[in-house]
1. Label residue B:114 and residue B:90 with points 7 Å out from Cα along Cα→Cβ: what is the distance between them in nm?
2. Which lysines have a Cα less than 27 Å from the Cα of residue B:192, not counting those fewer than 8 places away in the same chain?
3. Ignore the peptide's own chain and count Cβ atoms of other chains within 10 Å of each Cβ in A:28-40; give me the average, rounded.
4. Helix B:85-115 against the longest principal axis of chain B: what's the angle in degrees, Cα atoms only, rounded to the nearest 10?
5. Hey, could you get me the Stokes-Einstein D for segment B:75-188, Kirkwood radius over alpha-carbon pairs, 4 °C and 1.567 mPa s, rounded to whole µm² s⁻¹?
6. What is the distance in Å between the Cα centroid of segment B:167-191 and that of segment A:21-75?
7. How tilted is helix B:137-153 with respect to the longest principal axis of chain B? Cα atoms for both, answer in degrees (0 to 90, nearest 10).
8. Under the classification rounded if a/c is under 1.5, otherwise prolate if a/b is larger than b/c and oblate if not, where does the protein assembly as shown fall, given a ≥ b ≥ c as square roots of the Cα gyration tensor eigenvalues?
Amino acid sequence: LLPLLPLLLPAAHGIAQLGPRPALTQEQLEGVTTASTFVLEQPRCVFEEYGNAVIWLVVALDKDASNFNNSAGPGTPETEFQSFPDPVRAYMTLNATLGSYPCPKPPGDITVLRVGSETSCAQDVSRPTCNGPLPGPGPYRVKFLALEGSVPVAETAWSVPITLRTAKSPSSIPTTGSGHSAGMIAITAILSILFAILLAALVAMLVFWGSDSCGGSSAFSKPESVTVRRYNTHHVYDQPAARL
Amino acid sequence: MAKSDDCIHILQGLLVFGNVVIGMCGIALTAECIYVVSNPHGPYPLLKATENSDIYAAAWIGIFVGLALFALSILGIIGVIKASRTLLLVYIILMLITFAFEMASSITAATHQDSLTPEFFLKQMLERYQKSEPANDSDNEITKTWDELMRQSHCCGVNGPSDWQEYTSAFRLTHSDADYPWPRTCCVLDAKGLPVNLDGCKLGVPGYYNSNGCYDAISGPVNTHAWGVAWFGFAILCWTFCVLLGTMFYWSGIEY
């Protein structure tokens with residue numbers, strides 16, 4: 001019986017476990033996760049031995065991942081995108097053959113899969129394998145599943161949970177209390193002081209109007225009132241030209 | 001007597017010089033404020049929409065203050081040379097009034113400039129950009145201004161494209177997140193105004209979208225104008241303070 005067990009086990013499971021598990025792309029992209037999409041690394045050099053298989057992406061909520069049955073077929077009402085997440089617990093999409101994932105990956109190429117990019121078929125039940133936008137922030141888990149015909153032959157492990165972005169309301173942005181900059185406080189303070197000094201000087205000036213305070217005898221006199229009178233103490237006559 | 005004659009003449013000369021400088025600065029202030037008011041620079045609709053355009057009130061005051069300073073400086077020169085008490089008293093009082101107005105203008109410009117934080121523009125952009133039922137004309141103006149700003153300055157949002165992801169917005173109500181993670185004007189556009197690579201833009205591949213925020217492009221011109229009005233006004237007022245003190249001292253020494 002014992003020698004039969006190794007033969008039975010592969011036949012019972014029939015699915016090869018391939019690694020690595022799917023993950024978000026390592027590329028520096030602004031839209032790695034948005035509110036309804038995320039970007040996965042393509043499964044390059046993973047399904048090399050399964051040239052005849054069709055590789056599907058299975059997407060499930062984190063809590064439903066372990067309940068997924070590999071024998072569920074794609075494109076059926078049990079796995080259609082349009083009924084995800086209720087009552088469909090996991091949907092299958094993004095089918096491709098090995099030719100779409102050539103190995104090795106050319107350096108410099110951006111090889112990604114954008115999950116959630118097809119908006120045109122999101123409500124169209126005639127397209128159950130639609131790659132539609134995800135209905136919530138998740139978290140989600142994904143795995144790749146290779147089917148030959150309708151028989152699953154290989155799969156990867158489930159990914160780590162992927163959480164999408166949640167958007168806050170703009171009314172949560174604080175616009176009050178911006179504070180006053182040092183410059184504005186300096187301008188206000190200095191100008192107020194200068195103005196106060198000027199007013200005080202004006203008051204002092206008017207109060208001491210006319211009284212000889214700092215001026216006194218050395219007051220500035222108006223140019224017109226100064227008359228310099230020439231005193232001729234002697235009459236100077238022209239001397240006669242001839243002196244006899 | 002000769003020494004105080006010299007003092008008189010030096011003081012008169014200083015006051016005349018001070019008034020000449022005030023007159024020239026008044027003209028310069030008027031010119032600068034006319035420029036601020038009439039310059040059709042980009043962010044003006046954004047400011048106008050918020051009814052927070054104090055900078056323009058400050059600039060309008062600055063225009064009239066500048067003209068007043070010029071006129072009063074001529075009056076001051078005449079008063080100093082003629083050593084006329086009445087003329088100089090009129091000059092001093094009118095100058096104080098002008099001082100008060102310019103003080104108000106300068107402080108308003110400085111305060112207004114403080115209120116233009118990134119959060120202020122972010123909130124306005126999220127609430128009004130591409131609003132589907134524009135309440136009034138200024139919503140359309142805001143959309144047009146932002147589109148032009150993003151196209152010309154090659155920027156996106158206030159802090160970056162992630163603004164559109166971090167917050168819900170009027171834009172998000174009419175444009176699905178999967179198709180429009182950020183507006184199309186954030187993409188690198190070709191000569192016809194279409195995105196060079198739409199998928200690259202949606203993914204956020206560097207080179208196909210504008211990754212930096214527009215706040216610098218907005219705050220640059222607005223700051224220059226605000227500081228121009230505020231600090232130039234402040235400088236003029238400091239100089240005017242000195243001249244006024246000198247004039248008061250001169251006035252109190254004139255023989256009546």
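1. The two pseudo-label positions are separated by 4.0 nm.
2. B:131, B:144, B:202
3. Whole-number average of other-chain Cβ neighbours for A:28-40 is 6.
4. 20 degrees
5. Working: Rh = 17.9 Å.
Answer from the Stokes-Einstein relation: 72 µm²/s.
6. Cα centroid of segment B:167-191 versus Cα centroid of segment A:21-75: 26 Å apart.
7. On a 0 to 90 degree scale, this one is about 80.
8. Prolate shape, in that a/c is at least 1.5 and a/b is the bigger ratio.
Rule-based calculations on the coordinates, nothing more; no lab input. Owing to the predicted nature of the structure, the values given are computational and were not obtained by experimental measurement. Glycine also receives a Cβ, built like all others from the backbone with ideal geometry; neighbour counts cover every protein chain displayed.
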